[in-house]
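Chemist: One structure, as C-alpha cells, below. Some questions next.
The values are calculated or read from the model by the stated rules, or taken from the named source; none is laboratory data. Being a predicted model, the structure only gives us computed values, none of them experimental. Note that each Cβ is placed from the backbone with ideal geometry, even for glycine, and that neighbours are counted across all protein chains shown. SASA here: full protein model, heavy atoms, side chains in, ligands and nucleic acids out. Shrake-Rupley method; radii C 1.70, N 1.55, O 1.52, S 1.80 Å.
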Amino acid sequence: QVQLVESGGGLVQAGGSLRLTCTISRIIASMPVIAWYRQSPGKQRELVASITLGGSTTYADSVKGRFAISRENARGTEYLQMNGLKAENTAVYYCANGYSPTYPYWGQGTQVTVSS
C-alpha cells in the first residue's frame, strides 16, 4: 500500500505562485511515475504534469513554461511549482502514483484558488 499526502494549496491572486508538495510513504520501482492531476467543479479530472523516478517530465500544454515538477526520491517528496497562476487554474490538485496512465494510488487533494 502506498499513501500520498498533498500540501501547499491555498488562496493566491492571479499572477502569483504556489508550491504544492506531495509526500509518498514508499517508492515502488514498478510504479515509477508521480503525477499531478486537477479537477474543477463540473469538469473532468485532467493531468497537469508527471515525473518518473529518473526525472523525465511531461506537462499539459496549458501549463508549460509556468509550472515545474520535481522530486526528491530520497525524501519521498515531489513538488509542483506553479507560477503565473490564472483564475482558470482554480481546482483541487491531486498527486497520484503508478505507471502512466494507470495510477492506483491517490492523495486526498489540496485546494488551489486563484482570485482574479
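Chemist: Which of the residues that make up the range 55-101 are closer than 19 Å to residue 45 by Cα and among the basic types (Lys, Arg)?
Modeler: 64, 86, listed by residue number.
Chemist: So, one more: Out of all the residues in the range 13-22, is one or more surrounded by 12 or more Cβ atoms within 10 Å (Cβ to Cβ), in contact with a Pro (Cβ under 9 Å, 6 or more places away or on another chain) and at pLDDT 95 or above?
Modeler: Within the range 13-22 (the criterion being surrounded by 12 or more Cβ atoms within 10 Å (Cβ to Cβ), in contact with a Pro (Cβ under 9 Å, 6 or more places away or on another chain) and at pLDDT 95 or above), the answer is no, since none of the residues qualifies.
Chemist: Still on this model: Of all residues being aliphatic (A, V, I, L, M), free of Cβ contacts under 8 Å to residues at least 60 places away in the same chain and in a strand (DSSP E or B) in the range 61-91, which is most open to solvent (accessible area, probe 1.4 Å)? Just the residue, please.
Modeler: That would be 68.
Chemist: Let me ask you something else. Kindly indicate whether any position in the range 39-53 is of a type in the set (Ser, Thr, Tyr), open to solvent by less than 20 Å² (accessible area, probe 1.4 Å) and touching a residue at least 24 places away in the same chain (Cβ under 8 Å).
Modeler: The answer is yes; a qualifying residue exists.
Chemist: Give the range 27-38 a look and list any residue that's of a type in the set (Gly, Ala, Ser) and either surrounded by 14 or more Cβ atoms within 10 Å (Cβ to Cβ) or at pLDDT 95 or above (or both), or say none.
Modeler: 35
Chemist: Go through the range 92-110 residue by residue and tally those that are without any contact (Cβ under 8 Å) to a residue 60 or more places away in the chain and in a loop (DSSP other than H, G, I, E, B).
Modeler: Going through the range 92-110 one residue at a time, the tally reaches 1.
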